[in-house]
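Notes follow once the structure below has been shown.
The values are calculated or read from the model by the stated rules, or taken from the named source; none is laboratory data. Note that the coordinates shown come from a computational prediction; the quantities given were computed from them, not determined experimentally. Glycine also receives a Cβ, built like all others from the backbone with ideal geometry; neighbour counts cover every protein chain displayed. To get the accessible areas, we keep the full protein, side chains included, count just its heavy atoms, and leave off ligands, DNA and RNA. Shrake-Rupley method; radii C 1.70, N 1.55, O 1.52, S 1.80 Å.
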Amino acid sequence: MIRNLVFTSLVLTLTPSSFAADIPAIATEKPGGNYQTLWLTLLGEAWPEASDDVRVFVGLRDGKGSTAWICNAAMGKTRIWIDENTVSCDGKKVSGSLKGVFGNCPQDTFSFQFDGGLNDSGFAGTYSGTVDEAKTTGTWTGTLADEAVLAKANAIAAGQDWPRYHGATGGMQGPAGGAKLIDDLEKATPIWKSEEHLPCGGGNAPDRRYGPRALIASRLAGGTSTPVVKGGVVYQYYYVPAGKGEPVPEWDTTTWDKGWNNPDVIKRLGGGGPFPQIGLDFNAPSATEIVVAMDAATGKTLWKTVAPWRGWNIQTHKWRGINAAPLVHDGVVYHIGYAGFVMALDARTGKLLWDYEALHRPQTSTGGFYGADGKAGVPIASPLFAGGGVVFCNKGAHWTDPKKPGGLVSLDPKTGAQRWFRERLVGQTQLWQHGGKDYVVVCYTGWPRKQEDGEPIGGECLDAETGETVFALPGQALAGRGFMPLIDGDYMVTEKIEGEGFRWQRVGLNGWKLSPQGAKLAWSTSNLLDGDQYAACIAQCHVYMTSTRGVHVFELTTGKQTAHLPQGDGHRTNLPFAAGDRLFIQPEGRHGSQGFKMFDLTDPAQPEPLGAADKQREVKDGVVQFDNETLWRPPHPFTTAYAVHPLGYPVVDGRLFIRGNGGVYCYDLRSK
């Protein structure tokens, strides 16, 4: 439960960036200079835990390091923070160092010094350094690429987009594309780490329970919004603390004296006194909302728009709310943050076009929420463009009057003016298009509501142009998880539940045939689930449901089960998603660990496991035992969401974009 939520009543004119005088205006930053990427392969035992040669990625602005990534399969579970990057390259000479911390202890430090440059055979040189006080030396080889070279090799083809959380179709499916994909995720090629640094997500966020150790291991959280891709650009939302925080009572000087209060720890946490600055930021009263645009071919920052004091400083591992991702439509980025703040940005420049919150009040909250269940906040995975308007939803107070409840609103895409508003209508939303007309489907979360005649309803279908209800959804058309409902054509997939009131449980899936006359139950699975350990996606006219009992495959129109694969288990907050002839699964997305399975969908009714996913699994009482050996572990520091709403992973034109700890990471899945 979100605690100590306070709104101040500042009544101002609704104009872009018209906050109170003491709240900074919304501003857009555009980095200048030439961008290049430098890849170094460190030969020998550069890192004790590394399984093979360590690769180092450095992004360069005008020849100076602006981002870096120590890339090795052993690094995912090892949280690596690069606190100092002085690497430089003038096109002929490479020099400088990387320094930082890894693991959970501030004493676990590393440093690498690089020297070398261009010779007859390419870039090469030497390195020296320390990893946890162990000295390491060796040689390196490298490649330097400018934007023209990277664009030729990595540009995203026109029309290959994933413009909102659910993808373009509403079923967690990417575009088919023309690229032939690899047959084993171990062959995935790292391309870049984003120039923009990103905080961790909820799966490994710090929490009041864990004390300052968590701040060293994960640093501060910045939400778990999914990156979206449109027109060769990646758009990412996150937040950072704003305002002056007070020391956390549980982390008093006595706590620091017990192994933490030493100059090295204080310095490494960024403070200069008995309580470090990062601890004060953890408890800051508000957050600054940030939307950043990255070039999909290089990872360089194109622009970022910063909205101070418009969000909540949610610092907890236990966030059980929705993690809204932007919507990109017709050259505009539509953003809604955790506190409900809405803004429209020019997709090319980042310029603020309009915002929607007439009170323009600073959003305040208690930093370091524990066990936040998302009862306040935003219950939509992404805004929708429907019926000529942009549709948003807010659970808390109304945007323009804090004394009124929230609900569903449609705004004019050019001005932000309200087109229609449905008070108290909140839930998971999806776009349904039928007969040339747009509809907004709203599925309630949790349990059905009862009409005056006592008949339960699970949501409503609205005319997207007017906001009027076209029909009510049956009581079994619910969406308790952040990725539901799924819609493909005239078919919708929702949860199947048993029980009443608070005594209910998820047991399977329901398939619905939609028409302007209503939603008709087309099929219903048997009871296949164990609590919330399930997810689903739609691809090639089939539904792929992942759970602790494996992958179950159903025909979308009939619900006929065509396959059951124990290799494709899904555990807490897992997520399946598809692109082209591939199905992907992230089996465990709740506790900060990223790993993936891949399946061939040449025959969509009978997926075939590829690579490590094909290894034999142990099954006990029908439940597949989780096994890391069947996963591809990408070579970057991990992060995930926590519960209810998993992090998404766009696959576009053969490229996989992963929100990890410290940035967005891009991998090439195209077969060479």
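Whenever a residue of region 319-339 is free of Cβ contacts under 8 Å to residues at least 24 places away in the same chain, its partners that are not in a loop (DSSP other than H, G, I, E, B), lying with C-beta atoms within less than 8 angstrom and at least six residues away or across chains, give the pairs GLY331/ASP346. Filtered by the rule that a residue be part of a loop (DSSP other than H, G, I, E, B) and at pLDDT 90 or above, region 549-558 gives LEU556, THR557, THR558.
Here GLU608 passes the criteria (1) of a type in the set (Asp, Glu); (2) without any contact (Cβ under 8 Å) to a residue 40 or more places away in the chain; (3) buried (at least 24 other Cβ atoms within 10 Å of the Cβ) except the one numbered (3). Listed by position, the strands (runs of 3 or more DSSP E) enclosed by region 70-168 that each have at least 2 residues that are of a type in the set (D, E, K, R) are 80-85, 93-102, 134-146.
Cβ-Cβ distances below 7 Å connect the following pairs, each with a first residue in region 402-427 that is open to solvent by 10 Å² or more (accessible area, probe 1.4 Å), a second residue that is part of a loop (DSSP other than H, G, I, E, B) and hydrophobic (A, V, I, L, M, F, W, C), and a separation of six or more residues or different chains: PRO402/LEU359.
One residue alone among THR316, THR298, THR305 is assigned to a loop (DSSP other than H, G, I, E, B), open to solvent by less than 10 Å² (accessible area, probe 1.4 Å) and farther than 21 Å from PRO379 by Cα, and that residue is THR298.
Looking across region 217-241 at every residue that is open to solvent by less than 10 Å² (accessible area, probe 1.4 Å) and either in a loop (DSSP other than H, G, I, E, B) or at pLDDT below 90 (or both), the one that is farthest from ARG348 (Cα to Cα) is identified as ALA217. Those residues that are within 27 Å of the chain's Cα centre (by Cα) and more than 24 Å from LEU473 (Cα to Cα), I need them from region 540-564; list them, please. Scanning region 540-564 gives GLN540, THR546, SER547, THR548, ARG549, GLY550, VAL551, HIS552, VAL553.
For region 105-122, does any single residue satisfy the condition of being open to solvent by less than 30 Å² (accessible area, probe 1.4 Å), touching a helix residue (DSSP H, G or I) at 6+ places or on another chain (Cβ under 6 Å) and either closer than 20 Å to SER88 by Cβ or touching a residue at least 40 places away in the same chain (Cβ under 8 Å) (or both)? The answer is yes, given that some residue of region 105-122 is open to solvent by less than 30 Å² (accessible area, probe 1.4 Å), touching a helix residue (DSSP H, G or I) at 6+ places or on another chain (Cβ under 6 Å) and either closer than 20 Å to SER88 by Cβ or touching a residue at least 40 places away in the same chain (Cβ under 8 Å) (or both).
Residue count for region 191-212, restricted to those that are touching an Asp or Glu at 6+ places or on another chain (Cβ under 8 Å) and modelled with pLDDT of 95 or more: 1.
Do we have any residue at all in region 402-412 that's among the hydroxyl-bearing types (Ser, Thr, Tyr) and within 30 Å of the chain's Cα centre (by Cα)? Yes, there is a match, as at least one residue in region 402-412 is among the hydroxyl-bearing types (Ser, Thr, Tyr) and within 30 Å of the chain's Cα centre (by Cα).
Return the residue satisfying two criteria in turn: it lies in region 340-360 and is assigned to a loop (DSSP other than H, G, I, E, B) and open to solvent by 10 Å² or more (accessible area, probe 1.4 Å), and of such residues it is nearest to SER410 (Cα to Cα).
In the first step, residues of region 340-360 are kept if they are assigned to a loop (DSSP other than H, G, I, E, B); the result is 340-341, 347-351, 357-360.
From the residues that got through so far, the ones that are open to solvent by 10 Å² or more (accessible area, probe 1.4 Å) too are 347-349, 351, 358-359.
Details: ALA347: 20, ARG348: 24, THR349: 24, LYS351: 22, ALA358: 15, LEU359: 18 Å.
Once the filter is applied, the top-ranked residue is ALA358.
Against the criterion of being open to solvent by 50 Å² or more (accessible area, probe 1.4 Å) and modelled with pLDDT of 95 or more, THR169 does not qualify.
Every test in (1) acidic (Asp, Glu); (2) at pLDDT 95 or above; (3) open to solvent by 50 Å² or more (accessible area, probe 1.4 Å) is passed by ASP132 save one, and that test is (2). For GLY511, the test of being modelled with pLDDT of 95 or more, open to solvent by less than 10 Å² (accessible area, probe 1.4 Å) and within 20 Å of THR546 (Cα to Cα) is passed. Checked against (1) of a type outside the set (Gly, Ala, Ser); (2) farther than 25 Å from GLY435 by Cα; (3) open to solvent by 10 Å² or more (accessible area, probe 1.4 Å), LEU521 passes all but a single condition, namely (2). If you check PHE114, PHE110 for being at pLDDT below 95 and among the aromatic types (Phe, Trp, Tyr), only one passes: PHE110.
Of all residues in region 82-99, exactly one satisfies the criterion of being on the phi > 0 side of the Ramachandran plot and surrounded by 17 or more Cβ atoms within 10 Å (Cβ to Cβ), namely GLY96.
PRO576 meets the stated requirement of being under 21 Å from the mean Cα position of the chain (by Cα) and of a type outside the set (Ser, Thr, Tyr).
Residues in region 52-66 that are in a strand (DSSP E or B) and either among the acidic types (Asp, Glu) or open to solvent by 10 Å² or more (accessible area, probe 1.4 Å) (or both): ARG55, ARG61, LYS64, GLY65, SER66.
Within the bounds of region 458-468, is there any residue that is under 28 Å from ARG320 (Cα atoms) and either polar (S, T, N, Q) or open to solvent by 50 Å² or more (accessible area, probe 1.4 Å) (or both)?
No, region 458-468 contains no residue that is under 28 Å from ARG320 (Cα atoms) and either polar (S, T, N, Q) or open to solvent by 50 Å² or more (accessible area, probe 1.4 Å) (or both).
Of all residues in region 559-593, those being over 22 Å from LEU181 (Cα atoms), open to solvent by less than 20 Å² (accessible area, probe 1.4 Å), of a type in the set (S, T, N, Q) and part of a strand (DSSP E or B) number 0.
Kindly indicate whether ILE538 is under 18 Å from CYS393 (Cβ atoms) and in a strand (DSSP E or B).
No: the conditions fail for ILE538.
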